[in-house]
Amino acid sequence: MKDYEHLLLENKAWAKEILETDPDFFNRLKDQQSPEYLWIGCSDSRVPPDRITQTQPGQIFIHRNIANMVVHTDLNLLSVLQYAVEVLKVKHIIVCGHYGCGGVKAAMGNANLGIINKWLRNIKDVYRFHQAEIDSIPNEKDRLNRLIELNVVEQVHNLAKTSIVQHAWKTRNAPHIHGWVYDLGDGLIKTLFELPANTQLDHHIYEYDFTDL
Ligand code: CO
């Protein structure tokens, strides 16, 4: 058997097991989804959002990229965000980073990595905003992990800077935005930071005027 064929076999076993315990499972889900959460996480294979939160199909809407970034020109992220916020009307958005993130580690170095340079550039900016704090940490691993935390906080702020989130805050007082970090060493999530709906933005220049509503 070819290695990838295991995936297909496991899929068959999974579907069979679900039907045995819940015969109506797929019928209930096939025509609609109403997840309460949008998860923005790292693509790292060791941080599978539904496994680490024990959420079931239908419960969590997921976007993943290298180092869980919210980049204001990323049409992929923005399309997911708009759909989750305006159509699915999620109540919470979770940005979840993880300690030991290779993307953040690469951004802290000076290697020329090709096209990924352009993505990591956004993390280098986060380092620059917090350089004094990060440089004061004596241990390299701790410096990396602190930048990972600060990067999550920055991405939470970036969500609040979108007109998509601000419009939803004004019209339905949601979603609440959460910044979390996952520890590969013990499998536990640490909560870092929270922006409840309608929190004052970190700078007024990012506030949009919705007086025409
Ligand atoms: Co990562």
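If we scan the stretch 99-107, do we find a residue that is within 22 Å of residue 45 (Cβ to Cβ), touching a helix residue (DSSP H, G or I) at 6+ places or on another chain (Cβ under 7 Å), assigned to a loop (DSSP other than H, G, I, E, B) and within 13 Å of the ligand (Cβ to nearest atom)? Scanning the stretch 99-107 turns up at least one residue that is within 22 Å of residue 45 (Cβ to Cβ), touching a helix residue (DSSP H, G or I) at 6+ places or on another chain (Cβ under 7 Å), assigned to a loop (DSSP other than H, G, I, E, B) and within 13 Å of the ligand (Cβ to nearest atom).
Got at least one residue in the stretch 34-48 being assigned to a helix (DSSP H, G or I), surrounded by 10 or more Cβ atoms within 10 Å (Cβ to Cβ) and among the basic types (Lys, Arg)? The answer is no, given that none of the residues of the stretch 34-48 is assigned to a helix (DSSP H, G or I), surrounded by 10 or more Cβ atoms within 10 Å (Cβ to Cβ) and among the basic types (Lys, Arg). Selection of first residues in the stretch 157-180 that are under 15 Å from residue 41 (Cα atoms) and of second residues that are assigned to a strand (DSSP E or B) and among the hydroxyl-bearing types (Ser, Thr, Tyr), restricted to Cβ pairs under 9 Å at least 6 apart or on distinct chains, gives the following pairs, ordered by first then second residue: 178/191; 179/191; 180/191. Answer yes or no: is there a residue in the stretch 145-154 that is more than 18 Å from residue 47 (Cβ to Cβ), basic (Lys, Arg), modelled with pLDDT of 95 or more and more than 19 Å from the chain's Cα centre (by Cα). No, because not a single residue in the stretch 145-154 is more than 18 Å from residue 47 (Cβ to Cβ), basic (Lys, Arg), modelled with pLDDT of 95 or more and more than 19 Å from the chain's Cα centre (by Cα).
Within the stretch 127-156, the set of residues being in a helix (DSSP H, G or I) and of a type in the set (Val, Ile, Thr) comprises 134, 148, 152, 153, 156.
For beta carbons closer than 8 Å, sequence separation of 6+ or different chains, a first residue in the stretch 98-109 that is closer than 15 Å to residue 128 by Cβ and a second that is of a type outside the set (Phe, Trp, Tyr) and near the ligand (Cβ under 9 Å from one of its atoms), the qualifying pairs are 104/67; 104/97; 104/148; 107/67.
Among the residues in the stretch 53-62, are any closer than 29 Å to residue 170 by Cα, without any contact (Cβ under 8 Å) to a residue 12 or more places away in the chain, away from the ligand (no atom under 16 Å from the Cβ) and surrounded by 12 or more Cβ atoms within 10 Å (Cβ to Cβ)? Taking every residue of the stretch 53-62 in turn, none turns out to be closer than 29 Å to residue 170 by Cα, without any contact (Cβ under 8 Å) to a residue 12 or more places away in the chain, away from the ligand (no atom under 16 Å from the Cβ) and surrounded by 12 or more Cβ atoms within 10 Å (Cβ to Cβ).
Would a scan of the stretch 137-158 turn up a residue that is closer than 19 Å to residue 53 by Cβ and more than 16 Å from the ligand (Cβ to nearest atom)? Within the stretch 137-158, one or more residues are closer than 19 Å to residue 53 by Cβ and more than 16 Å from the ligand (Cβ to nearest atom). Applying the condition of being within 16 Å of the ligand (Cβ to nearest atom) and touching a Pro at 6+ places or on another chain (Cβ under 7 Å) to the stretch 18-52 and asking which residue is farthest from residue 154 (Cα to Cα) yields 39. For the stretch 77-98, the set of residues classified as within 15 Å of the ligand (Cβ to nearest atom) and of a type in the set (Gly, Ala, Ser) consists of 97 only.
The values are calculated or read from the model by the stated rules, or taken from the named source; none is laboratory data. Model, not experiment: these values are computed from the prediction. Note that we place each Cβ from the backbone using ideal geometry, even for glycine, and neighbour counts take in every protein chain shown.
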